[in-house]
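**Q** First the structure, which I've put down as structure tokens, then a few questions once you've had a look.
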Amino acid sequence: MHLEEKKLSGETIFDGKIIHVVRDKVLLENGKEADREVVIHSGGVAVVPINNKAEVLLVKQYRYPHGRVMLEIPAGKLEPGEKHYDCGKRELLEETGCTCKRYTYMGEVIPTPAYVSEVIHMYLATELEYKEQDLDENEFLDVVKIPLEKAYRMVLDGEIADSKTQIGIMKAYCSIMRVGV
């Protein structure tokens, strides 16, 4: 049981539309008990869309918890039973109005492992085809195109604060610099 914790009991603290919060009692490897509060989230997908001019399509969106507009890669929450592959393609079309001919899995990111169960799957979308944006009813965002090299610099200079966007841009930049668009 080294580096593991065994759940002994649990209770739901909050059951919301997007998140659920539980408090579990766990048994530690030293035989002691501890409480763990966990935010349960269905997970999501983030997509780094790059057009044939090596520009990243980012969205500017107001984020209420932080009280500001943030620059992010398109992303969204997995719906029950939805495959992350399909979710990413759906979000890409909804938020940017694009589909893609090449869609490459770049792995998963666990943004807050200490107390949130969320896993974000990341994709690189290239060979984009422009269609029509299809935002959710209460979703408001602007799409901006930024050269990949500049977006990479913005991450390094702290101009992009969102973690999934930082990781997605860095992974895409390294991938493209190695194999080309």
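The values are calculated or read from the model by the stated rules, or taken from the named source; none is laboratory data. Values in this document were obtained by computation on a predicted structure and should not be read as measured data. All Cβ positions, even for glycine, are placed from backbone atoms using ideal geometry, and neighbour counts span all protein chains on display.
**Q** Among LEU124, LEU92, LEU135, LEU128, which is the only one that is closer than 17 Å to LYS60 by Cα, surrounded by 13 or more Cβ atoms within 10 Å (Cβ to Cβ) and not polar (S, T, N, Q)?
**A** Residue meeting the stated conditions: LEU92.
**Q** Looking only at the range 136-147, decide whether some residue is without any contact (Cβ under 8 Å) to a residue 60 or more places away in the chain, more than 24 Å from ALA161 (Cβ to Cβ) and in contact with a Leu (Cβ under 9 Å, 6 or more places away or on another chain).
**A** no
**Q** Can you tell me which residue in the range 164-181 is modelled with the lowest pLDDT, limited to those that are loosely packed, with under 13 Cβ neighbours inside 10 Å and not β-branched (Val, Ile, Thr)? Quick ask: steps written out before the conclusion?
**A** Initial filter on the range 164-181 (loosely packed, with under 13 Cβ neighbours inside 10 Å): 174, 177-180.
Now restrict to residues that are not β-branched (Val, Ile, Thr): 174, 177-178, 180.
Values: CYS174: 93, MET177: 76, ARG178: 71, GLY180: 50.
That would be GLY180.
**Q** Collect the residues in the range 66-109 that are in a loop (DSSP other than H, G, I, E, B) and in contact with a strand residue (DSSP E or B) (Cβ under 8 Å, 6 or more places away or on another chain), keeping them in residue-number order.
**A** First, the residues of the range 66-109 that are in a loop (DSSP other than H, G, I, E, B): 67, 73-74, 78-83, 97.
Scanning the range 66-109 gives ILE73, PRO74, LEU78, GLY97.
**Q** Which of (1) surrounded by 13 or more Cβ atoms within 10 Å (Cβ to Cβ); (2) in the same structural domain as GLU118 (by TED's automatic domain parsing); (3) not small (Gly, Ala, Ser) does HIS20 not meet, given it meets every other one?
**A** If we test HIS20 against (1) surrounded by 13 or more Cβ atoms within 10 Å (Cβ to Cβ); (2) in the same structural domain as GLU118 (by TED's automatic domain parsing); (3) not small (Gly, Ala, Ser), just (2) comes out false.
**Q** Looking for something within 21 Å of HIS66 (Cα to Cα) and of a type outside the set (A, V, I, L, M) - is there at least one such residue anywhere in the range 167-177? Explain how you work it out, then say what you get.
**A** Within the range 167-177, the first condition is being within 21 Å of HIS66 (Cα to Cα), and the residues that meet it are 167-168.
Still in the list and also of a type outside the set (A, V, I, L, M): 168.
For the range 167-177, residues within 21 Å of HIS66 (Cα to Cα) and of a type outside the set (A, V, I, L, M): present.
**Q** Considering (1) in contact with a helix residue (DSSP H, G or I) (Cβ under 9 Å, 6 or more places away or on another chain); (2) more than 20 Å from TYR173 (Cα to Cα); (3) aliphatic (A, V, I, L, M), say which one VAL69 fails and leave the rest.
**A** That leaves (1) as the condition not met.
**Q** Does any residue in the range 112-131 that is under 21 Å from TYR173 (Cα atoms) come within less than 6 Å, Cβ to Cβ, of a residue that is outside any strand (DSSP E or B) six or more places away or on a different chain, and which pairs are these?
**A** Cβ pairs passing all conditions: ILE120/LYS164; HIS121/HIS84; MET122/GLY168; TYR123/GLY88; LEU124/ALA172; ALA125/LEU92; THR126/VAL181; LEU128/ASN51.
**Q** Scanning the range 160-178 for residues that are among the charged types (D, E, K, R) and within 18 Å of the chain's Cα centre (by Cα), which turns out farthest from TYR105 (Cα to Cα)?
**A** Applying the filter and picking the extreme gives ASP162.
**Q** Does at least one position in the range 43-54 carry a residue that is out of contact with any strand residue (DSSP E or B) (no Cβ under 6 Å at 6 or more places or on another chain) and farther than 20 Å from ARG102 by Cβ?
**A** Among the residues of the range 43-54, at least one is out of contact with any strand residue (DSSP E or B) (no Cβ under 6 Å at 6 or more places or on another chain) and farther than 20 Å from ARG102 by Cβ, which makes the answer yes.
**Q** Further question: Could you give me the residue pairs with C-beta distances under 8 Å whose first residue belongs to the range 15-28 and is closer than 15 Å to PRO80 by Cβ, whose second residue is surrounded by fewer than 14 Cβ atoms within 10 Å (Cβ to Cβ) wherever it lies, and which are 6+ apart or on separate chains?
**A** These pairs meet every condition: HIS20/THR12; HIS20/PHE14.
**Q** Condition test on GLU72, is it without any contact (Cβ under 8 Å) to a residue 24 or more places away in the chain and under 24 Å from ILE19 (Cα atoms)?
**A** Against the criterion (without any contact (Cβ under 8 Å) to a residue 24 or more places away in the chain and under 24 Å from ILE19 (Cα atoms)), GLU72 does not qualify.
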